[in-house]
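Here the structure is laid out as structure tokens; the discussion comes afterwards.
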Amino acid sequence: MAVDAWITVVVLLGVLLALVRQRTSPWVVVLGGVIALLVLGVITPAEAFTGFSNPAPITVAALYVVAAGIEKTGALAPVMQRTLGDRGAYRLPLLRVLTPTVGASALLNNTPIVAMLIPQVTAWCERRGRSASKFLMPISFAAVLGGLLTVIGTSTNLVVSGQMTELGLEAIGFFEIGRLGLPIAILGLLVLVAVAPRLLPARRSAREELQSEGRRFSIEMIVQPGGPVDGRTVEEAKLRSLPGLFLVSVDRGDTVIAPVRPDTVLRGGNRLHFVGSVSKVVDAQLMPGLRSAELEHVLDLKSESAKYFEVVVGSQSPLVGRTLRESDFRSTYQAAVVGIHRSGHLVDGKLGAQTIRLGDTLIVVSDPDFRKRWRDHSDFLLVAGLDGSPPAATPRAWIPVTVLALVVGLAAFGVMPILQGSLLGAVALIATGVLSAQEARRAVDLEVILVIASAFGLASAMQVSGLAEALAGGLVASLGSFGTLGVLLGLVLATIVLTELVTNNAAALLMLPVAVATAESVGLDPRGAAIAVAVAASASFLSPIGYQTNMMVYGPGGYRFTDYARLGWVLTLMVVIATVLLTPLLWP
């Protein structure tokens with residue numbers, strides 16, 4: 001290999017290592033790798049930043065806005081609310097909910113679909129005494145499968161389509177990827193319904209853990225009128241930093257204060273709600289100026305002024321690696337954490353001193369507008385109320401549905417490219433007042449867009465440095481004796497491994513130049529090889545970190561990390577076999 005190819009290898013290995021370690025935001029890592037290659041002279045400025053002029057990132061951003069309009073107006077709520085039904089133990093309700101999930105994910109960003117279903121499915125399972133863990137992971141997997149039906153089904157499809165034009169191939173047709181994706185989605189749906197209830201364990205969700213253990217660490221105290229606490233602030237009464245205890249709320253009778261500030265003045269008769277360990281709950285009853293009230297469940301607090309939510313911490317959250325105290329959670333989010341759910345269990349000990357990890361589910365108490373404030377921010381992958389009430393469709397729900405139908409119709413019949421249609425759709429939602437300009441801006445995940453645009457530069461470096469051709473030659477030399485199917489199997493497996501280690505978009509862009517070069521060497525249609533890479537890059541079923549919706553259901557389903565592989569290996573094997581066997585037939 002040439003010197004530039006070796007430089008590209010070193011930079012790519014550094015990028016992959018940094019992405020796997022998750023110490024820095026992915027967009028910083030990928031863009032940093034592109035800048036390094038630019039400074040070292042491997043690529044030109046035009047090649048480094050080709051992704052920023054490619055239609056794919058802009059299209060993804062516009063479709064984020066369209067999906068936000070669907071979510072805000074609750075346009076899908078009437079359909080999804082009728083999916084589970086009342087008949088059947090697991091398989092029939094599972095089939096009823098997975099089928100529309102696959103269909104909706106073919107046209108919409110799957111993140112809001114899964115976010116909408118999590119509280120509804122969890123509440124449905126609680127009412128019927130069934131385990132939500134049997135449903136939530138299959139819902140995430142079904143959303144992934146649905147994305148294989150159309151070119152707008154996932155951002156990965158759009159990214160591959162955009163990079164194909166850079167490699168001299170035509171962009172993917174609207175339903176073209178569905179030639180391979182549809183049989184995979186149908187097989188995957190059947191597999192999920194058949195084996196998920198058997199392979200997935202019955203786990204307790206964060207809410208169920210909190211409910212079952214609430215009496216163990218929940219206590220309510222009443223401020224004695226005229227006592228040493230009456231008339232003093234929380235800080236003056238030394239109730240803010242109690243070891244092993246946390247003051248969640250103050251109930252004044254006519255209003256509930258949550259979260260509690262240090263300068264909140266306590267009055268006689270106020271009911272103080274604490275959570276903590278067993279021993280500390282006992283100690284709390286000896287506090288001067290407070291008397292024990294009837295022990296009450298932490299979720300039994302009923303007030304329009306205080307609501308409970310569960311939030312899932314994602315890789316882009318500033319909370320990861322920091323304690324609640326270090327992040328000043330109460331002041332930053334105007335909320336208080338009353339429970340941390342991790343790997344299927346509630347975390348013991350003082351919550352403020354716990355270091356937050358990727359995938360943690362936090363049970364928080366705040367005002368009713370908490371979800372509205374934070375649902376579109378990268379701090380949390382999921383913000384869901386614990387009342388399980390489904391969102392209601394608004395009278396304006398027809399507008400984003402019509403916009404989406406027009407975008408799909410114009411693109412499918414070749415009247416207007418997806419880029420122009422999606423941009424017009426996003427503008428239409430703002431112009432009609434469905435979304436404000438601020439809501440549209442928040443709907444776009446800028447970090448994802450930056451990762452996509454930057455990764456084009458890495459793909460360009462692989463191509464111009466000769467690295468893609470060298471890797472393709474090595475792949476053919478090692479697997480060429482097994483024929484076309486053997487080479488294709490190597491490409492698919494390599495893509496799946498990369499997807500589980502880094503982002504699916506980056507995996508697709510890194511493997512695409514190799515796939516096209518390899519296909520040309522063995523007589524495989526480069527177009528088929530490119531689409532096989534797109535499918536394999538989206539087939540993330542082995543871990544919670546490979547795909548965003550997998551992480552979203554991690555805490556609410558009460559899953560452990562290894563639960564994903566228990567079900568995911570079956571789907572992964574099915575995707576690999578179907579992709580390798582069908583691709584040469586569909587693109588001869």
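The values are calculated or read from the model by the stated rules, or taken from the named source; none is laboratory data. All values reported here derive from a predicted model rather than from experimental measurement. Every residue, glycine as well, gets a Cβ built from its backbone with ideal geometry; the counts of neighbours run over all protein chains shown.
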Residue list for the stretch 248-263, filter: free of Cβ contacts under 8 Å to residues at least 60 places away in the same chain and in contact with a strand residue (DSSP E or B) (Cβ under 6 Å, 6 or more places away or on another chain): 250, 251, 256, 257, 263
Residue 586 hydrophobic (A, V, I, L, M, F, W, C) and within 16 Å of residue 495 (Cα to Cα): no
Which listed residue, of 564, 554, is assigned to a loop (DSSP other than H, G, I, E, B) and surrounded by 21 or more Cβ atoms within 10 Å (Cβ to Cβ): 554
Scan the stretch 313-336 for residues that are modelled with pLDDT under 80, over 21 Å from the mean Cα position of the chain (by Cα) and closer than 22 Å to residue 556 by Cβ and report the count. 1
Among the numbered criteria (1) out of contact with any Gly (no Cβ under 7 Å at 6 or more places or on another chain); (2) at pLDDT 85 or above, which single criterion is violated by residue 226? (1)
How many residues, within the stretch 2-21, are surrounded by fewer than 16 Cβ atoms within 10 Å (Cβ to Cβ) and not basic (Lys, Arg)? 8
Pairs with Cβ under 6 Å, 6+ apart, first in the stretch 569-580 and farther than 15 Å from residue 141 by Cβ, second of a type in the set (Gly, Ala, Ser): 579/532
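Conditions tested, residue by residue: (1) farther than 23 Å from residue 225 by Cβ; (2) modelled with pLDDT of 80 or more; (3) among the β-branched types (Val, Ile, Thr).
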{"site": "253", "(1), (2), (3)": "no, yes, no"}
{"site": "284", "(1), (2), (3)": "no, no, no"}
{"site": "287", "(1), (2), (3)": "no, no, no"}
{"site": "294", "(1), (2), (3)": "no, no, no"}
{"site": "298", "(1), (2), (3)": "yes, no, yes"}
{"site": "311", "(1), (2), (3)": "yes, yes, yes"}
Selection from the stretch 529-543 of residues within 16 Å of residue 571 (Cβ to Cβ) and assigned to a helix (DSSP H, G or I) yields 535, 536, 537, 538
Would a scan of the stretch 473-492 turn up a residue that is in a helix (DSSP H, G or I), within 30 Å of residue 111 (Cβ to Cβ), of a type in the set (A, V, I, L, M) and touching a Gly at 6+ places or on another chain (Cβ under 9 Å)? no
Pairs returned, first residue in the stretch 316-338 that is within 9 Å of residue 352 (Cβ to Cβ), second residue that is part of a loop (DSSP other than H, G, I, E, B), beta-carbon separation under 8 angstrom, 6 or more apart or interchain, are 323/354; 323/356; 324/354; 324/356; 329/319; 337/324
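Residue by residue, here is whether (1) out of contact with any Pro (no Cβ under 9 Å at 6 or more places or on another chain); (2) surrounded by fewer than 24 Cβ atoms within 10 Å (Cβ to Cβ); (3) at pLDDT 90 or above holds:
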{"site": "109", "(1), (2), (3)": "yes, no, no"}
{"site": "112", "(1), (2), (3)": "yes, yes, no"}
{"site": "123", "(1), (2), (3)": "no, yes, no"}
{"site": "127", "(1), (2), (3)": "yes, yes, no"}
{"site": "153", "(1), (2), (3)": "yes, no, no"}
{"site": "158", "(1), (2), (3)": "no, no, no"}
Here the residues within the stretch 430-455 that are at pLDDT below 85, in a loop (DSSP other than H, G, I, E, B) and not hydrophobic (A, V, I, L, M, F, W, C) are 445
Please work out if residue 585 is out of contact with any Ser or Thr (no Cβ under 9 Å at 6 or more places or on another chain), without any contact (Cβ under 8 Å) to a residue 40 or more places away in the chain and assigned to a helix (DSSP H, G or I). yes
What number of residues within the stretch 18-70 satisfy the criterion of being in a loop (DSSP other than H, G, I, E, B), touching a residue at least 12 places away in the same chain (Cβ under 8 Å) and within 15 Å of residue 458 (Cβ to Cβ)? 5
